[in-house]
Amino acid sequence: MKILVAVKRVIDYNVQVRVKEDGTGVVTDNVKMSTNPPDDNAVEEAVKIKESGKAKEIVAITIGEEKAQETVRKALAVGADRGIHVKVEGVVEPLAVSKILQKVVDKEKPDLVFMGKQAIDDDCNQTGQMLAALLGWPQATFASKINVKEASLEVTREVDEGLETIEVNIPAIVTCDLRLNEPRYASLPNIMKAKKKPLEQINASDLGVDTKARIEQIKVEEPPKRKAGIKVANVSELVQKLKNEAKVI
Amino acid sequence: MSVLLIAEHNNKELRPFTYNAVSAACKIDEDLHILVLGNKSESVAKSASEIPNVKKVIHVDNEIYENFIAENFTSAILKHADTYSHLVCSANTFGKNLMPRIAALLDTSQVSDVIKIISADTFLRPIYAGNAFATVKSNDKKKCVTIRPTSFEPAPAAGGSAEIVKSEAGEAFKNSKFVKREEIKSDRPELGTARIVISGGRGMQNSDNFKLISAIADKLNAAIGASRAAVDAGYITNDHQVGQTGKVVVPDLYIAVGISGAIQHLAGMKESKIIVAINKDGEAPIFSVADYGLEADLFEALPQFLEELNKLNTIQK
């Protein structure tokens, strides 16, 4: 079995994001970038499946500017076998990303495609479902547990009401929740080895996918600030404030 | 222009957030239709027809819709999509799972998690865990939009009498199968719509200590929330998680107990009307969004809080 794992380079989850003064976006210069956190879970799960002997090859793919490669190198360092970098400048919407992935799936013919359930930059939560639609494959979204069977996956999904289990036939798309597993750290020797693993570069334009934005970003602004609050001295003051000032109890 | 809203329900009744999505959809265009896909779901179609402002209900009843598998829903929705300018549903796990599958097949770039309708093609949505708001304009002919339900008031449930039109089921998708659902039943208000929410974080230390939270939740008729740290540690189940990758709540009162206030948690609760933080670390970022901060050991503060609440003779329900 072959697993394709898609990873995205985003502003690190620990960074306090700042809006640019001219309203055109958020500040990314000199800001720490990392792999989108649930994409790390996707890589980890693929590696675990390979370690259990149920998968033969893991291909990590990213789509973006030159530096996006770092995310593929990281995936290679924790166990992916080879990488693909589809080069494209600027914002690529989930629809275009899924069209690019569709082209790559047509060529690579993986049995499974894994990725995070949501990117923490645009918070869209679309790409996996869109790719599944374009391929006509089943989708197991928000996965917190995956059981690989003969020709199918049993996937536990985190939904608003609790947990749901579905069974999807292979080939399938899985989008991963943060609770799926605990991503491992790459060891230094493995980071060095990863540098020697093959990483193929493709230009998005060579795939024949139109990546032009369909959604125009008119402006980006700071959310309204909350008024500064106060500290109360003790519980009884808190309860009095809630009752008499805020009038919420 | 006309809008098709995909109803979320449990085959008996509409889920509460469908009413919020109706309010948002009405702001896009007055010609609003609701599509109910379900199994033995007549009562759902009837409820949908009773919402004022709904002009028509399309009801498709078939056993393949029993468990809301997105792959099955998609073929039925696409059969009707032609005549509408907008397809809308809630941005909860139901809509997040479903809408992109439809959008991709309509070759539309979806607008996710809208918090304000500016015009029929322009929307406000949070990005970066709500640390920035983006105004976006969709240039696609047909628009697929998911609505953050807590940003819109629920539409009234009664007063309307739209016609209900039956329609044929779409093709069944053979490669996905529902196995089971583990729903956590509770007599407490739903987290997403509760007037008061009390949440616990890593500071709770174990699941047993959440009893301190539930005692107060019972007293205040509140829903119980949690930070991701508390869910990851197994103190409480995932359906309680508030934050960027969990639920977004906007209650009148949000009480954060033993929660440090990571950006990802704030994303799920900082629009609450009143925020209370109880934490022994005075420097915890949660205090920066709290209207009332109490720097205290939660194991002392929570029993006192319950005691003080018991002294009050009037608690709003």
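Share of antiparallel DSSP beta bridges in the protein assembly as shown, in percent to the nearest 5? List each step's numbers first, then the result.
Working: 39 of 114 bridges.
Percentage antiparallel, nearest 5: 35.
Taking N as the number of residues in the protein assembly as shown, what value does Rg over Cα atoms divided by 2.2 N^0.38 Å take?
Details: Rg = 23.5 Å, N = 566, 2.2 N^0.38 = 24.5 Å.
For the protein assembly as shown, the normalised Cα radius of gyration is 0.96.
Restricting the count to DSSP beta bridges whose residues both fall in chain A, what percent are antiparallel, rounded to a multiple of 5? Mind dumping the intermediate values first?
Details: 17 of 44 bridges.
Beta bridges within chain A, antiparallel portion: roughly 40 percent.
Using only the alpha-carbon atoms, how far is helix B:210-220 inclined from the longest principal axis of chain B? Give it as 0 to 90 degrees, nearest 10.
Taking Cα atoms only, the helix is inclined about 70 degrees.
Could you work out the per residue convex hull volume over the alpha carbons of the stretch A:171-249, in cubic angstrom? List each step's numbers first, then the result.
Numbers: hull volume 30.1 nm³, N = 79.
Measuring per residue, one finds 381 Å³ for the Cα hull of the stretch A:171-249.
Rounded to a whole number of µm²/s, how large is the Stokes-Einstein D of the stretch A:2-245 at 37 °C and 0.692 mPa s, given Rh as the Kirkwood radius over C-alpha pairs? Write out the running numbers ahead of the final one.
Values: Rh = 19.6 Å.
D, rounded to a whole number, is 168 µm²/s.
Ranked from highest to lowest mean number of other Cβ atoms within 10 Å per residue, what is the order of the peptides B:251-263, B:47-59, A:203-215?
Averaged packing, sorted descending, gives the order B:251-263, B:47-59, A:203-215.
So for chain B, taking the charge dipole from beta-carbon charges (+1 Lys/Arg, -1 Asp/Glu), which of B:86, B:276, B:49 sits furthest toward the positive end?
Positive-end residue among those listed: B:86.
Along each of its three principal axes, how wide is the spread of alpha-carbon positions in chain B, in whole angstrom units, largest first?
Result for chain B: principal-axis Cα extents of 60, 41, 39 Å.
Need one number for the stretch A:1-77: average projected area of the convex hull over its C-alpha atoms, nm².
Mean projected area for the stretch A:1-77: 5.8 nm², to one decimal.
Over the Cα atoms of the stretch B:196-311, what is the Rg over Rh ratio if Rh follows Kirkwood?
On the way: Rg = 12.4 Å, Rh = 13.6 Å.
For the stretch B:196-311, the value is 0.92.
Find the relative contact order for chain B and round it to a whole percent, using C-alpha pairs within less than 8 Å whose residues are 6+ positions apart.
Numbers: 700 pairs, mean separation 47.0, N = 317.
Reported as a whole number, the value is 15 percent.
Binning at 5 Å from 0, report for the stretch B:120-244 what percent of all alpha-carbon pair distances ends up in each bin.
The distribution over the stretch B:120-244 is 2, 8, 11, 13, 13, 13, 16, 13, 7, 4, 1, given as percents.
Could you pull out the pairs from A:50/A:145; A:117/B:185; A:56/A:117; B:55/B:79 whose alpha carbons sit more than 21 Å apart here? Present the calculation step by step, with values, prior to reporting the outcome.
Details: A:50/A:145 16 Å; A:117/B:185 26 Å; A:56/A:117 24 Å; B:55/B:79 19 Å.
From the list (A:50/A:145; A:117/B:185; A:56/A:117; B:55/B:79), the Cα-Cα distance tops 21 Å for A:117/B:185; A:56/A:117.
Limiting things to C-alpha atoms, what are the Rg and the maximum Cα-Cα separation (Dmax) for the stretch B:8-65, in angstroms?
In Å, with Rg to one decimal and Dmax whole: 11.0, 33.
What does DSSP give for chain B in terms of the percent of beta bridges that are antiparallel, rounded to the nearest 5? Don't skip to the end; give the middle numbers.
Numbers: 9 of 54 bridges.
Roughly 15 percent of the DSSP beta bridges within chain B come out antiparallel.
If each Cα of the stretch B:3-166 is one equal point scatterer, what is log10 of I(q)/I(0) from the Debye formula at q = 0.10, 0.14, 0.16 Å⁻¹?
-0.32, -0.63, -0.84
Could you tell me the center-to-center distance, by alpha carbons, between the stretch B:151-180 and the stretch B:47-76 in angstrom?
2 Å
When Lys and Arg each count +1 and Asp and Glu each count -1, what net charge do the other residues less than 13 Å away from residue B:34, Cβ to Cβ, add up to? Before the final figure, lay out each step's value.
Values: positive: B:15, B:46, B:55, B:56; negative: B:8, B:31, B:50, B:163.
Computed value for this residue: 0.
Each residue of the stretch A:48-64 in order: what ³J(HN,Hα) in whole Hz does its phi give by Karplus 6.51 cos²θ - 1.76 cosθ + 1.60, θ = phi - 60°, with x for Gly and Pro?
In residue order, the calculated couplings are 4, 5, 5, 4, 7, x, 8, 10, 9, 9, 10, 10, 9, 10, 9, 10, x Hz.
Return the calculated 222 nm mean residue ellipticity for chain A, to the nearest 500 deg cm²/dmol, obtained by summing -39500 (n - 2.57) across DSSP H runs with n ≥ 4 and dividing by the residue count. Before the final figure, lay out the partial values.
On the way: 6 runs with 62 residues, N = 249.
About -7500 deg cm²/dmol.
Can you compute the helix-only [θ] at 222 nm over chain B? Use -39500 (n - 2.57) per DSSP H run of at least 4 residues, normalise by all residues, nearest 500 deg cm²/dmol. Don't skip to the answer; put the middle values down first.
Working: 8 runs with 80 residues, N = 317.
That comes out to -7500 deg cm²/dmol.
Every number in this text was worked out from the coordinates using simple rules, so none of it is lab data. These numbers were taken from a predicted model, which means no experiment stands behind them. Using ideal geometry, Cβ is built from the backbone for each residue, glycine included, and neighbour counts are taken over all protein chains shown.
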